[in-house]
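One structure is given here, and the rest of the page talks about it.
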Amino acid sequence: MTSKSHALAFPSGGGLAGEASLSAYLQQIRKFPVLTQQEEYSLATRWTQQQDTKAAHQLVTSHLRLVAKLATKYRGYGLPMSELIAEGNIGLMQGVKKFDPERGFRLATYAMWWIKASMQEYILRSWSLVKIGTTAAQKKLFFNLRRMKGKLESIGEGEISPDNVAKIATTLKVSEAEVLSMDRRMAGGGDTSLNVALYDDGEGQWQDSIADDGPAQDEIVAEAQERSQRHALLNGALSGLNERERAIFSARRLQDEPETLEDLSQRYSVSRERIRQIEVRAFEKVQKSIVAKASEQRLLEVA
């Protein structure tokens, strides 16, 4: 996939300065027409092949209502709707930039992941200075606990009953201890300052009780899992190349000291320009494969 340096322009007047302008913004975005499948394909093709920013702008504006609708699902986290929508719009523009109309699905289906991911990352950043969760399971717990408590009619009852804790833990495939910990964390409404006094006389602070400045064990595990996932994505992408593409890509992109175009041109008895073309084509295939597989994985995580 060819890199695009063109910025996607945000709709004129679409900025959200605060809640006071939210109603006017929602009125404005209703004016943008919903695209038919053929119109969407035509615009997306103009963007991907010609970098036509006007086409990209139409794709963005036609899906602003989708962002606003998805933002309502995250109202329970105590953050301004205007900020959630603004973050979701950033995700939408990222989705439009990376959308491939030849894959056969609609932009809304693809962009939905980017929109949700952008909103969720914002919520995680805003909710706590300390990470709520570093693993996919913990993030899924954070974003599904309130909904599941609502279904079990546990909201407002204080600490969740043992039976409901067990049901939630089983459904989300986490431990019961993680469910209780997350519920207590969310019930607290955010962070407490580390400078709060430990004792009534004002002596000592919470930060004094922190014993280890090193990374937590779950962060170490999460980082290892992420490295493993990246390695698996790369290997999967490389398997889609033919033997010569894989060899040239590895020699040019995966070695500490990349081989020169001259050396490779002599080895394969072709020109240096031909080697460069093969390298670029292989890189585009790898990049496209990794983006597609990563998107599928993230869709499963946030589903």
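Here are a few things to note about the model shown:
- Residue in the stretch 263-277 that is modelled with pLDDT of 65 or more, of a type outside the set (S, T, N, Q) and within 31 Å of the chain's Cα centre (by Cα) present: no
- Of the residues making up the stretch 249-272, just one is among the aliphatic types (A, V, I, L, M) and under 22 Å from Lys293 (Cβ atoms), namely Leu254.
- Selected residue (criterion: nearest to Arg106 (Cα to Cα)) from residues of the stretch 21-34 that are free of Cβ contacts under 8 Å to residues at least 40 places away in the same chain and surrounded by 15 or more Cβ atoms within 10 Å (Cβ to Cβ): Phe32
- Phe283 satisfies every condition listed in (1) in a helix (DSSP H, G or I); (2) modelled with pLDDT under 50 except (2).
- Screening the candidates Phe10, Phe32 for the property of being modelled with pLDDT of 85 or more, assigned to a loop (DSSP other than H, G, I, E, B), more than 16 Å from Lys98 (Cβ to Cβ) and not β-branched (Val, Ile, Thr) yields one hit, Phe32.
- Only residues that are in contact with a Gly (Cβ under 9 Å, 6 or more places away or on another chain), assigned to a loop (DSSP other than H, G, I, E, B) and farther than 13 Å from Tyr122 by Cα were counted in the stretch 62-86, giving 1.
- Check on Leu59, part of a loop (DSSP other than H, G, I, E, B), in the same structural domain as Ser118 (by TED's automatic domain parsing) and closer than 30 Å to Glu284 by Cα: no
The values are calculated or read from the model by the stated rules, or taken from the named source; none is laboratory data. Not measured: the values here are computed from a predicted model. Note that each Cβ is placed from the backbone with ideal geometry, even for glycine, and that neighbours are counted across all protein chains shown.
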